[in-house]
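Asker: Input: one structure, supplied below.
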Amino acid sequence: MTDDKDVLRDVWFGRIPTCFTLYQDEITEREAEPYYLLLPRISYLTLVTDKVKKHFQKVMRQEEVSEIWFEYEGTPLKWHYPIGLLFDLHASNTALPWSITVHFKNFPEKDLLHCHSKDVIEAHFMACIKEADALKHKSQVINEMQKKDHKQLWMGLQNDKFEQFWAINRKLMEYPPEENGFRYIPFRIYQATTERPFIQKLFRPIASGGQLHTLEDLLKDVCPSAIAPEDGEQKTQVMIHGIEPMLETPIQWLSEHMSYPDNFLHISIIPRPTD
C-alpha cells in the first residue's frame with residue numbers, strides 16, 4: 001500500500017458538528033435542551049450517541065422510553081451505515097450543524113434494523129470487513145489473523161484509536177507486488193434519488209491491458225447516470241467522505257486510502273445543488 005498516512009489520518013479524524021433535538025411529540029417532564037456533538041464520520045450512530053441518549057432520558061419518564069432511533073427531515077437514519085455516508089447521502093448541501101431528531105417511540109420497523117447492544121454493531125462491522133477481504137484477497141488475510149487482531153480492529157474503531165486500528169488494518173490493504181492491486185474493489189454506490197439500497201458488483205482495479213481503472217471507469221460500468229454526458233452539464237455530485245474526488249483518481253488508491261474502517265468505499269451519488 002502506498003503510504004499516504006496524512007490522508008488516512010484526515011479521513012479518520014473527519015467530524016460533523018451535529019445538533020440533536022428531541023422529537024416534539026415525546027412526553028417529557030421538563031423541556032429537553034438540544035445536545036451538540038462532533039460526530040466521527042467513520043463511526044456508527046449507535047456507537048457514539050450514549051451521551052445523547054442519557055441527556056434526553058433525564059427529562060423523560062422511564063415508561064416512555066423504548067429503543068432510541070434517529071431521523072433527519074423525515075428520513076430514519078440507518079445505524080448500520082457509517083455516519084459520514086448518512087451525512088453525504090442526506091444532508092451534504094445543508095448548513096451545519098447537522099440537525100438530527102431523536103425518537104424513543106414508534107420504532108420504524110420497515111426502515112431500520114434493531115440495535116440492542118454494541119455486540120450487534122461489532123457483528124455487522126466484522127461481517128463487512130470479512131466480505132471486503134473475500135473480494136480483495138479471497139479471505140486469505142482476514143482468515144490468517146488471530147481473534148485478538150479482529151478484536152483490535154473493533155476496539156480501535158470503538159475507542160477512536162487511529163494507530164491501534166491501522167496497525168492491523170494495513171495488512172488488509174496490502175497485496176502481492178506482482179498483482180498491482182486487489183482482486184476486486186469492495187465498494188457500494190448509494191443514490192439519493194432511488195429506493196434501491198445500494199449498487200454493488202465485482203470490479204477489478206486493473207484493466208486487462210494492465211492500466212489502472214479510475215473512479216470514472218467504475219461509475220461508467222456500474223452507474224453511468226452519475227457521469228455527465230459529453231455535451232451536457234453534470235447534474236450529480238459523487239461524494240466520498242464529504243469531498244468530490246477527481247474522476248481520474250485510480251480506484252485502487254481510493255480503496256486503500258478512502259475506504260471506511262469496514263474496508264468498503266461508500267460512494268454517494270447526490271443531486272448537484274442548483275443555486
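The values are calculated or read from the model by the stated rules, or taken from the named source; none is laboratory data. All figures in this text were calculated on a predicted structure; none of them were measured in a lab. As a convention, Cβ positions derive from the backbone with ideal geometry for all residues, glycine included, and neighbour counts pool all protein chains shown. Just so you know, the surface numbers come from the protein's heavy atoms only, side chains and all, with ligands and any DNA or RNA stripped out. Shrake-Rupley method; radii C 1.70, N 1.55, O 1.52, S 1.80 Å.
Asker: Sequence neighbours fewer than 8 away in the same chain don't count; with that in mind, list the lysines whose C-alpha is under 21 Å from Lys58.
Answerer: By straight Cα distance, Lys58 reaches Lys105.
Asker: So if we plug the beta-carbon distance of Thr249 and Glu109 into 1/(1 + (r/R0)^6) with R0 = 30 Å, what FRET efficiency do we get, rounded to 0.05?
Answerer: Numbers: r = 40 Å, r/R0 = 1.32.
So, using R0 = 30 Å, E works out to roughly 0.15.
Asker: Calculate, in nm to one decimal, what Thr193 and Glu67 gain on full extension: separation in residues at 0.36 nm each, minus their alpha carbon distance.
Answerer: 42.5 nm
Asker: Let me ask something else about it. Quick one: Cα centre-to-centre distance for the stretch 148-179 and the stretch 1-79, in angstrom?
Answerer: Result: 26 Å between the Cα centres.
Asker: May I pose another question? Taking R0 as 30 Å, what's the FRET efficiency between Thr28 and Thr75 from their Cβ-Cβ distance, rounded to 0.05?
Answerer: Efficiency for this residue pair is about 0.80.
Asker: Pull out the extension gain between Leu202 and Lys148, defined as 0.36 nm times the separation in residues minus the alpha carbon to alpha carbon distance; nm, one decimal.
Answerer: Extending this stretch completely gives an extra 16.4 nm.
Asker: Rolling a 1.4 angstrom probe over the protein heavy atoms, how many square angstrom per residue are accessible across the stretch 36-173?
Answerer: Computed with neighbouring chains in place, this is 48 Å² per residue.
Asker: Using Cα pairs closer than 8 Å and at least 6 residues apart in sequence, work out the relative contact order for the stretch 1-106, in percent.
Answerer: Reported relative contact order: 36 percent.
Asker: Excluding same-chain residues fewer than 8 positions from Lys148, which lysines have a Cα within less than 26 Å of its Cα?
Answerer: By straight Cα distance, Lys148 reaches Lys5, Lys118, Lys130, Lys136, Lys138, Lys161, Lys171.
Asker: Among Phe13, Phe187, Phe203, determine the one that fluctuates most according to a GNM of the chain built with springs between C-alpha atoms less than 10 Å apart.
Answerer: Phe13
Asker: With point charges of +1 on the Cβ of Lys and Arg and -1 on the Cβ of Asp and Glu, referenced to the Cα centre of the stretch 222-275, which listed residue (Pro250, Ile227, Ile270) lies farthest in the positive direction of the dipole?
Answerer: Farthest along the dipole direction, towards plus: Ile270.
Asker: Follow-up. What residues qualify as long-range amide H neighbours of Thr214, i.e. H under 5 Å apart, gap of 5 or more or another chain, H built at 1.01 Å from N?
Answerer: Ile251
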